[in-house]
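*Asks:* The structure is given below, and queries will be raised subsequently.
Derivation of every value follows stated rules applied to the coordinates shown; laboratory data play no part. Every value quoted in this text rests on a predicted model; they were computed, and no experiment measured them. Ideal geometry is used to build each Cβ from the backbone, glycine not excepted, and the neighbour counts take in all protein chains shown.
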There are 2 protein chains.
Amino acid sequence: MRPAAPALAVRVLEGIGEVRPGDDLVEVILASAGETLAEGDILVVTSKVVSKAEGRIVRAADREQAITDETVRVVATRAHEGGVTRIVENRLGIVAAAAGVDASNTEDGTVLLLPADPDASARSIAEGLRSRTGHRVGVILSDTLGRPWREGQTDIAIGAAGVHVFDDLRGTTDAAGKPLSVTMPCVADELAAAGDLVKGKARGCPVAVVSGLGHLVGPLDLPGARSIARPAERDLFRLGTDEAMAQGAVAGRTAGYSAGRSIGFAEGFAAALAATERERVHR
Amino acid sequence: MRPAAPALAVRVLEGIGEVRPGDDLVEVILASAGETLAEGDILVVTSKVVSKAEGRIVRAADREQAITDETVRVVATRAHEGGVTRIVENRLGIVAAAAGVDASNTEDGTVLLLPADPDASARSIAEGLRSRTGHRVGVILSDTLGRPWREGQTDIAIGAAGVHVFDDLRGTTDAAGKPLSVTMPCVADELAAAGDLVKGKARGCPVAVVSGLGHLVGPLDLPGARSIARPAERDLFRLGTDEAMAQGAVAGRTAGYSAGRSIGFAEGFAAALAATERERVHR
């Protein structure tokens, strides 16, 4: 016996060939999906095909310059055999290695930039699909990113339209009636992850369709994926550890800084460490 | 027309009531799932119910001590109205606020610790389900975590058994035949995320079943979620920015350190920044 109604289903759209600059992704998607799109479906589109359709292609020889142009702020650097990878905040507020400039699944001698405005691209696709099918669908643009503390990569949302990027549970209660004050699941990232489970990186299927989550679909002017990026000034990990230590070391050699903010943090941190140790010892 | 065969389906097991210390989760799951589990299914179990079944409950008054006991290393601290939140690496190698000690969905006056050994818990559940159903199923234990750089939370895998935690694509090629050398999707985290999309935080459904990804299911002795944690010494973000700057500042006041490692990083970082600026200006 199989369940009659899965709560959520994810499938890939098959037969989408190579996407080229100027291609209309609404047409490309409809040519593959036929009449199968339904009210409340959410399409997870690999941002790479959007970049290709938008002609965001540069010569591989210009890769380093392209990364520089996409960079707002260098977050960390990592030296390795092939050179130095820059982990940067790009102009979309996304922290990514090489600013998201990517050489895989591209023509030889070229690299791809992220779409110029992924939320706008998602909106254009969602708008076209809604108008052509008559169904209210949502669109997520996904990219594959590494992350601190955990090995491997997951797909996340870099663009979104017509879909809630957060399932905002603040102000609601848990099953025991207690307020869920800090819970704000980033469903856009979870949708991108679910899409990746079926798309596969190497199989040429850049679009997944998630059905069964129509409650997350809404008007086209909902906040996009830009609203997921946390501003650096509110981020506890806005700089790599080595970079932050080095900045602190340089600053520590000036008397003015010694009495300043960083030392306040040093003392707070030392106090927290000491408290942790005390509790451990006195147990 | 709806697609005949979704590539992936996720549903919740309904009717699982409150889990109590000593409950046998294999029985709890089978009582809800009946005969619906099938070969290749992957169960995503909210770690909280595993903690409850294992009696990992402490008095709320002992919360700070419990966090200390779970802590291997303080990564960062964040001051807020209610006190100071410690972001720590816990004994499982997971970096989490308050070491994953959680007060939501618990009885009043109590908090829950993470399972003592989530991979072992997952294995015990997978083993029991395989033996009782005759089907090779996988098990993921999930938890809800915040992350650097992006707002909101996603569910990730803190335990796994009988399922590949990475879909290791290293050594394979992309659609254009180029090597996918750095791609290692963390499918365990993506499975946890997909599960969260249907489980919901407040609706008392702690178990999701993912069907259609049997190729990710394998023997019970596959590496568990412990293998996802990146060791601190290889992590670019092993300390919070303020904490690292403060450590650097303290060290910077000693002459020995000035000539040492951190300054080397400072110079490397300054050079990378300068190169970025140069490229930007000379364009």
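*Asks:* Using the reciprocal of the averaged 1/r over all distinct C-alpha pairs, how large is the Kirkwood radius of region B:58-112 in Å?
*Replies:* By the Kirkwood definition, the hydrodynamic radius is 11.4 Å.
*Asks:* Could you name the aspartates and glutamates in cross-link range of A:LYS52, using Cα to Cα under 12 Å and dropping any fewer than eight places away on the same chain?
*Replies:* Partners within reach: A:GLU18, A:ASP23, A:ASP24, A:ASP102, A:GLU107.
*Asks:* Taking the Cα centroid of region B:111-138 and of region A:127-145, what is the distance between the two, rounded to the nearest whole Å?
*Replies:* Rounded to whole Å, the Cα centres lie 38 Å apart.
*Asks:* In debye to the nearest 20, how big a dipole does region A:1-103 give about its Cα centre with +1 on each Lys and Arg Cβ and -1 on each Asp and Glu Cβ?
*Replies:* It comes to approximately 420 debye.
*Asks:* Ordered shortest first, which distances in nm separate the 7 Å Cα→C-beta label point of A:ASP62 from those of the other copies?
*Replies:* 6.4
*Asks:* Quick one: with label points 7 Å out along Cα→Cβ, list the inter-copy distances for A:ALA31 in nm, shortest first?
*Replies:* Relative to the other copies, A:ALA31 has label-point distances of 5.5 nm.
*Asks:* Using a simple spin-label model with points 7 Å from Cα along the Cα→Cβ vector, what separation in nm is obtained for B:GLU14 and B:GLN65?
*Replies:* The answer from the label model is 4.4 nm.
*Asks:* Checking a compactness column here: for region A:1-124, what do you get for Rg(Cα) / (2.2 N^0.38 Å), N being the number of residues?
*Replies:* After normalising by residue count via 2.2 N^0.38 Å, the value is 1.30.
*Asks:* Inter-copy label distances at B:ARG73, 7 Å along the Cα→beta-carbon direction, one decimal in nm, shortest first?
*Replies:* Computed spacing set for this position: 2.5 nm.
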